[in-house]
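Below you'll find the structure, written out as structure tokens, and then a few comments.
The values are calculated or read from the model by the stated rules, or taken from the named source; none is laboratory data. Small disclaimer: the values here were computed from a predicted structure and weren't measured. Positions of Cβ are backbone-derived with ideal geometry, glycine not excepted, and every protein chain shown enters the neighbour counts.
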């Protein structure tokens, strides 16, 4: 026991322990220094503000700073130029390491398309007008055809008929085809009456009084 205690109090033992402590401390300090260099601790690149830049310019600016600019989403804002950056992550001013990816959302290069709702032969002119304008479509004056008054019989875009579910660019100009309130039977009578009155007059503006004239109204089935 005395020998063991004597060995513990020996200068050689304490010298070895001190040397081991110094070596361990140096290893820890060296590891921390190496990690700092490897991870660029305390260093960083300030992310610029890419807002309203075109995507091409944002990529070029990112390359100059050692950053990677990548699109991860798109949106549509008619007040902004097509292809311009709308938002970014990380935000402008953030400190990041070299090679960091900056994700941006750009303004769509094309107008979003909207599906035509179920309006044809299914609603009135006013209802169809309100629904289409809510979807940001533009409307011309309606096109009138024979049929129930103000009933929607069709929709046209650039002179072509479209149907429910067709994808049309938002803000396109549409024309609603609606009824004028006249049925085919009513038009047939109207046309007959016009022709009849025209037949009562000759070229000099006089009528033939010697001939009895009878009006034959076409039969209209119930």
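Which of the residues belonging to segment 146-158 are farther than 16 Å from residue 124 by Cβ and assigned to a strand (DSSP E or B)? Within segment 146-158, 146, 156, 157 qualify. Against the test of being surrounded by fewer than 17 Cβ atoms within 10 Å (Cβ to Cβ), in the same structural domain as residue 175 (by TED's automatic domain parsing) and touching a strand residue (DSSP E or B) at 6+ places or on another chain (Cβ under 7 Å), the options 154, 147, 159 yield a single qualifying residue, 154.
Candidates are the residues of segment 159-170 that are farther than 11 Å from residue 113 by Cβ and assigned to a loop (DSSP other than H, G, I, E, B); the one that is modelled with the lowest pLDDT is 159.
Only a single criterion out of (1) on the phi > 0 side of the Ramachandran plot; (2) surrounded by 15 or more Cβ atoms within 10 Å (Cβ to Cβ) is not satisfied by residue 45, namely (1).
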